[in-house]
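Please treat every number below as a calculation from the coordinates, not as lab data. Here the structure is a predicted model, which means the values were calculated and not measured. Backbone-built Cβ (ideal geometry, glycine too); neighbour counts: all protein chains shown.
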Amino acid sequence: MSYPGYPPNTGGYPPQPGAYPPQAGGYPPQAGGYPPQAGGYPPQAGGHPPQGGGYPGAAGGYPSAGGYPPQGGGYPAPAASGFPAMQDFSCSVCVYYMDFDIKQRVPLVAAYKTTYGKDLKHDLKSELTGNFEKLVLAMLMSQSAFDAYELREAIKGAGTDEACLIEILASRSNAEIIEINKIYKSEYGKTLEDAITSDTSGHFRRLLVSLSQGNRDERETVDIALAKQDAQKLYAAGENKVGTDESQFNAILCARSKPHLRAVFLEYQQMCGRDIEKSICREMSGNVESGMVAVVKCIKNTPAYFAERLHKAMQGAGTKDRTLIRIMVTRSEVDMLDIRQEYVRTYGKSLYTHISGDTSGDYKKLLLKLCGGND
């Protein structure tokens, strides 16, 4: 209604659902104001229109860089401990987070401690078990940190896992080996070289010490004349003499560049009519033979070397899970597609199929994620 002397009321309260129809007029929208708040009561139909200005809305919460990746619909429901229930953690959370690349996974450890004041790895160890636990923990480490850890595990205690030492040191680049050395010294209080020296002996020790220097020539150019000279030296040190001069093999195989050594191997084949690997197997034995052959295989075709290692880890009775985990984790973002191709070419079945038949449960699911697909 209106009163004498007063203009008619245009506007009034905002329209309410199910009430009187909206009135024309009213106050114009205001610029500025507080930003919309996440949570609270759901937005009401009508009312003041959204306010311009203020702080921008944070999409998905905090930025994901250096922390948790953004979640659709928020983080999984926390348990009483303040993190997702660990049984769910194994499937819906662990496997979910492990789907990210290593640069996104590794910061989860620091982000968890910042958010909850607890150690993620400790909590995982207390809740997860078996090979699935080992796989998840491995995936939360940088590659060099995991390599250093595996080298430490291979050396400490009774017995030595020589195959692990050979695999890592024969296949990593100079930069990777230098980083492994830094982490090893920082984490375990002694140099990698000292650890190797105290746990191995003879020509095998010399081979590992040479590889652990991370000092291989990395030039891409090949001097054919020098390649022929090196092939002659290898022939003279092995097939063409009584006994074997392992030091000559060590000097050439651990110091020369990969392109150069591929040329040396071709020259050697032409010179003596035998593959360099077969000559090493004829001339050497034990761990030094295994080490030298691994170096040659990695120089020739690294993916094929890892395909062979994976096949040996799964063939026959029982699975060498430590080897399986190490290779799947460390190669998943390096050359896994090439490894898969070499695997199916050499063994007539896909790596995916072999893992599926040899493992089970969440452990299998996560390994297959690392594998990336069937061939």
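For the stretch 112-128 versus the stretch 138-188, the inter-centroid distance based on Cα atoms is 24 Å. Projecting label points 7 angstrom from Cα along Cα→Cβ for Thr129 and Arg345 puts them 4.3 nm apart. Between Leu266 and Asp101, the contour length at 0.36 nm per residue exceeds the alpha carbon distance by 55.6 nm. Note on Ala158 and Ser198: their simple-model spin labels are 1.9 nm apart, each label 7 Å out from Cα toward Cβ.
Using the beta-carbon distance between Val109 and Leu337 and R0 = 30 Å, what value does 1/(1 + (r/R0)^6) give for FRET efficiency, to the nearest 0.05? With a Förster radius of 30 Å, E is 0.60. Take the Cβ-Cβ distance between Ala255 and Asn301 as r, set R0 to 22 Å, and report the resulting FRET efficiency rounded to the nearest 0.05. Here the calculated transfer efficiency is 0.60. Across the stretch 144-211, the relative contact order, built from alpha-carbon pairs under 8 Å that are at least six residues apart, equals 35 percent.
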